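The values are calculated or read from the model by the stated rules, or taken from the named source; none is laboratory data. Remember, predicted model here, so these are calculated numbers, not experimental data. For neighbour counting, all protein chains shown are included, and Cβ atoms are generated from backbone atoms with ideal geometry for every residue, glycine included.
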There are 2 protein chains.
Amino acid sequence: MPALSQRSQQTPFSPFRKLAHLADAAKSRGVEVFHLNIGQPDILTPPQALRKLAHRLEPVLAYSPAEGNASLRDKMTGYYARYGIELAADELMIMTGASEALQLTLFACFNEGDELLVPEPFYANYNGFAHIAGVRIRPLPCYIEDGFALPPVEAFEQAIGPRTRGILICNPNNPTGAVYGAEVLEALGALACKHDLFLIADEVYREFCYDGAVFRSVLTLPGLESHAVVIDSVSKRYSACGARIGVLATRNAALREALGRYARLRLSPPGLGQWLAEAMLEDDAAYLEEVQAEYDRRRQTVFRRLSRMPGVTSYLPGGAFYCFARFPIRDAEHFCRWLLEDFQYEGKTVMLSPGPGFYATPGRGRDEVRMAFVLDCDRLEQAMDCLERALELYPQRRSPDAVVMGVPGKKAGG
Amino acid sequence: MPALSQRSQQTPFSPFRKLAHLADAAKSRGVEVFHLNIGQPDILTPPQALRKLAHRLEPVLAYSPAEGNASLRDKMTGYYARYGIELAADELMIMTGASEALQLTLFACFNEGDELLVPEPFYANYNGFAHIAGVRIRPLPCYIEDGFALPPVEAFEQAIGPRTRGILICNPNNPTGAVYGAEVLEALGALACKHDLFLIADEVYREFCYDGAVFRSVLTLPGLESHAVVIDSVSKRYSACGARIGVLATRNAALREALGRYARLRLSPPGLGQWLAEAMLEDDAAYLEEVQAEYDRRRQTVFRRLSRMPGVTSYLPGGAFYCFARFPIRDAEHFCRWLLEDFQYEGKTVMLSPGPGFYATPGRGRDEVRMAFVLDCDRLEQAMDCLERALELYPQRRSPDAVVMGVPGKKAGG
């Protein structure tokens with residue numbers, strides 16, 4: 001048998017479905033599993049957009065232009081204008097999901113061995129995309145005690161080495177739910193300018209900012225025309241994860257030209273998804289408002305419940321639909337496995353994502369988990385009932401006095 | 001401005017849309033352009049499948065499994081059985097087009113610097129996929145005089161070096177239309193076994209074999225369970241290029257595991273395209289029969305016309321919907337540009353793909369072009385009228401006695 005490539009054996013496993021077989025086994029034993037482990041919302045894809053799609057099917061489903069259909073790119077400029085982002089249609093390219101947008105950005109911006117600064121915890125698949133491109137992620141620690149606020153800009157500056165070529169942030173943040181304010185973004189922008197770094201922002205959760213927080217895109221920062229790159233997706237906004245329609249937006253024409261070489265190789269982004277994306281962008285105000293309100297209720301629900309659990313540290317996330325929590329445990333992966341293999345409460349259990357998968361620094365996140373608010377409030381309450389009971393019963397629970405660690409901050413959990 | 005990566009500047013341009021701006025300019029001058037340059041058929045996507053799709057839209061367009069929906073994979077096993085290919089559903093993975101299937105195969109099978117033997121001319125984007133993966137393509141010359149038959153197996157064996165890890169063929173062939181018979185495939189399979197090489201076959205034109213030729217998949221070759229990999233796509237079969245639904249099929253479980261790591265990083269193939277693909281696979285016999293008959297008429301039309309053009313060498317392609325032709329010219333790219341910039345016949349011209357884009361050996365293909373039979377016979381006749389007239393008028397036409405070159409064979413053109 002011919003040997004496989006070494007790189008394929010070193011490519012990081014995506015952690016999101018690592019425990020999936022245990023969940024399947026639990027279900028086959030008749031246990032109901034509440035999936036808080038992946039960002040697959042239960043929210044309906046806009047029904048009127050699905051209805052419109054049926055009337056927009058062209059008789060030949062042809063390749064679109066490599067950069068996406070002109071009509072969709074035009075509509076997207078109108079969408080960005082809602083957030084004060086003035087873009088021409090040719091400054092954005094339609095991608096096969098945010099995943100492809102980021103992968104091609106890494107290819108186009110970085111040589112093998114170049115370094116990328118990324119606040120951690122971060123979206124776990126960044127590790128895999130960086131591995132494929134041979135880019136080294138240098139993590140900058142954030143802490144649960146202050147709701148995973150961005151490190152001070154001085155910390156970024158100190159981390160810059162001779163191979164550092166970019167900064168990657170996710171705002172609002174997956175996996176933490178943190179939202180970065182204008183001030184910290186401006187400071188980061190100035191740093192990117194000063195050191196001539198790409199500032200790449202994954203902004204797929206733009207809609208989901210709570211408590212009146214105003215979202216600020218890196219594309220609105222002054223003087224960053226050559227540096228700012230936005231990674232976007234319709235997946236979360238319209239609960240259309242399967243559409244695989246992402247967007248890359250940058251005013252850097254040379255970068256778009258380089259990205260175009262890669263984009264033309266794969267011919268075109270998905271055609272049906274592009275038609276649906278256009279339909280979803282029309283008359284979406286009521287839908288988005290309702291979805292935002294629903295996620296707001298959910299984060300309040302989870303925060304209220306976590307706050308009452310002894311030994312649990314968490315916070316009220318300002319955006320997205322995730323939060324991290326620190327539990328009185330030693331090994332989150334063991335705990336998550338135990339939940340699926342050895343635990344049930346009234347015939348139910350909960351599936352969570354172990355924290356370490358979101359960190360690049362070895363040892364970090366071992367007592368943390370990520371939760372996605374992808375179930376309605378009633379089911380979230382049931383999931384929290386399970387979790388509360390599980391933390392009481394978990395044989396390897398640590399005593400409360402051993403729990404406190406990390407830097408002090410605006411600790412929200414009790 | 002931050003520098004772009006060196007690799008992005010070295011990534012080969014996809015040649016297919018290189019002259020697109022000249023075609024746009026011609027159109028804006030009122031010239032009708034017959035596009036024989038890209039494999040985007042005018043054939044209707046199966047209308048009944050598009051109608052079914054409208055009734056199969058689920059209320060949440062969720063991520064599919066990374067390897068594709070189980071129902072689609074099941075249906076695909078039934079499809080392969082039509083060709084005597086016995087596969088279990090878990091031996092195939094749904095990909096975002098054949099492009100992704102091949103790119104991930106290169107990542108999973110080859111280390112950087114490994115060599116891949118590819119008969120040339122070959123589908124031009126193989127160059128780009130190999131560049132991204134750091135794989136070196138070693139071309140094996142085929143010749144227009146015998147309709148681009150595969151080189152003898154001895155030529156493959158002689159080309160094997162210490163870094164050679166695989167062979168990549170396209171059967172039926174894009175860009176030549178050649179179909180490889182059972183005997184030559186068996187010899188190639190035995191060679192792959194002997195030297196423990198991956199044998200990767202791009203079989204997206206499987207349906208399009210003419211003159212009673214029987215298609216043979218590498219997955220039916222004995223003893224190749226670990227070596228054979230098939231790249232497939234619904235794009236051409238059902239004229240659904242924009243669906244971006246490909247398939248990777250292999251019985252090598254370790255390879256599927258390695259591919260799965262990459263597949264999980266990009267989460268899932270397009271969801272709407274997967275639903276459409278299922279609908280297209282149902283009751284498709286009459287559709288496929290009609291489409292095959294239509295392409296057969298088209299290739300006969302093009303062959304008949306090329307045969308009558310003085311100084312032109314071509315052949316009757318046995319499969320797919322392409323052919324190569326050698327013209328009495330010195331520089332195919334100059335000729336293709338001239339067609340768009342300086343020529344018209346009754347307000348019309350034709351767009352072709354210059355030959356060199358399909359060769360890795362410098363200097364080969366300079367007097368050749370590829371034509372795709374993606375227009376109906378009436379429009380193909382008009383395109384051939386243009387081409388015939390253009391070859392008469394082209395200022396840099398070579399004299400007929402300078403045309404003959406290459407090895408002698410079953411020359412079909414005059």
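For the reader, a short list of remarks on this structure follows.
- Filter result for residue A:156 (buried (at least 18 other Cβ atoms within 10 Å of the Cβ), free of Cβ contacts under 8 Å to residues at least 60 places away in the same chain, outside any loop (DSSP other than H, G, I, E, B) and in contact with a helix residue (DSSP H, G or I) (Cβ under 8 Å, 6 or more places away or on another chain)): yes
- Hey, residue B:263 part of a helix (DSSP H, G or I), small (Gly, Ala, Ser) and within 25 Å of residue A:102 (Cβ to Cβ) or not: yes
- Selection status of residue B:150, within 14 Å of chain A (Cβ to nearest Cβ), surrounded by 21 or more Cβ atoms within 10 Å (Cβ to Cβ) and in contact with a helix residue (DSSP H, G or I) (Cβ under 7 Å, 6 or more places away or on another chain): no
- Scanning segment A:88-122 for residues that are part of a loop (DSSP other than H, G, I, E, B) and either of a type in the set (Lys, Arg) or crowded, with 24+ Cβ neighbours inside 10 Å (or both) gives A:96, A:110, A:121, A:122.
- Candidate set: segment B:244-257, residues that are in contact (Cβ under 8 Å) with a residue 40 or more places away in the chain and buried (at least 22 other Cβ atoms within 10 Å of the Cβ); chosen: the one nearest to the other protein chains (Cβ to nearest Cβ): B:244
- Pick from segment B:72-81, criterion free of Cβ contacts under 8 Å to residues at least 60 places away in the same chain and charged (D, E, K, R), ranking: surrounded by the most Cβ atoms within 10 Å (Cβ to Cβ): B:73
- In the condition set (1) of a type in the set (D, E, K, R); (2) in a loop (DSSP other than H, G, I, E, B); (3) more than 10 Å from chain A (Cβ to nearest Cβ), residue B:289 is compliant with all but (2).
- Residue ID - farthest from residue A:123 (Cα to Cα), chosen from residues in segment A:1-32 that are among the small types (Gly, Ala, Ser) and within 12 Å of chain B (Cβ to nearest Cβ): A:3
- Within the span defined as segment B:218-236, one or more residues are modelled with pLDDT under 95 and away from every other protein chain (no Cβ under 14 Å).
- Residue match in segment B:141-155 (condition: at pLDDT 95 or above, of a type in the set (A, V, I, L, M, F, W, C) and over 20 Å from the mean Cα position of the chain (by Cα)): yes
- Which numbered condition residue B:77 fails, given (1) more than 14 Å from chain A (Cβ to nearest Cβ); (2) in contact with a Pro (Cβ under 8 Å, 6 or more places away or on another chain): (2)
- Residue check for residue B:218: among the hydrophobic types (A, V, I, L, M, F, W, C) and buried (at least 22 other Cβ atoms within 10 Å of the Cβ): yes
- Within segment B:39-56, restricting attention to residues that are touching a residue at least 60 places away in the same chain (Cβ under 8 Å) and either among the charged types (D, E, K, R) or more than 8 Å from every other protein chain (Cβ to nearest Cβ) (or both), the residue that is nearest to residue B:240 (Cα to Cα) is B:46.
- Only listed residue being in contact with a Ser or Thr (Cβ under 9 Å, 6 or more places away or on another chain), within 14 Å of another protein chain (Cβ to nearest Cβ) and within 30 Å of residue B:367 (Cα to Cα), chosen from B:336, B:241: B:241
- Test result for residue A:69, in contact (Cβ under 8 Å) with a residue 40 or more places away in the chain, surrounded by 13 or more Cβ atoms within 10 Å (Cβ to Cβ), of a type outside the set (Ser, Thr, Tyr) and within 26 Å of residue A:262 (Cα to Cα): yes
- Set A:389, A:364: member being in contact with a strand residue (DSSP E or B) (Cβ under 6 Å, 6 or more places away or on another chain), in contact (Cβ under 8 Å) with a residue 40 or more places away in the chain, surrounded by fewer than 22 Cβ atoms within 10 Å (Cβ to Cβ) and outside any strand (DSSP E or B): A:389
- Every listed requirement among (1) in a loop (DSSP other than H, G, I, E, B); (2) at pLDDT 95 or above is met by residue A:40 save one, (2).
- From the options A:261, A:305, A:298, residue that is within 14 Å of another protein chain (Cβ to nearest Cβ), among the charged types (D, E, K, R) and buried (at least 18 other Cβ atoms within 10 Å of the Cβ): A:261
- Check on residue A:274, surrounded by fewer than 19 Cβ atoms within 10 Å (Cβ to Cβ) and modelled with pLDDT of 95 or more: no
- Residue match in segment A:157-174 (condition: touching a Cys at 6+ places or on another chain (Cβ under 9 Å) and away from chain B (no Cβ under 14 Å)): yes
- Selection count where residues are buried (at least 17 other Cβ atoms within 10 Å of the Cβ), modelled with pLDDT under 85 and part of a loop (DSSP other than H, G, I, E, B), scope segment B:1-37: 4
- Residue within segment A:195-202 that is without any contact (Cβ under 8 Å) to a residue 60 or more places away in the chain and surrounded by fewer than 17 Cβ atoms within 10 Å (Cβ to Cβ) present: yes
- Of the listed requirements (1) in contact with a strand residue (DSSP E or B) (Cβ under 9 Å, 6 or more places away or on another chain); (2) under 24 Å from residue B:220 (Cα atoms); (3) in contact (Cβ under 8 Å) with a residue 24 or more places away in the chain; (4) more than 9 Å from chain A (Cβ to nearest Cβ), residue B:97 misses just one: (4).
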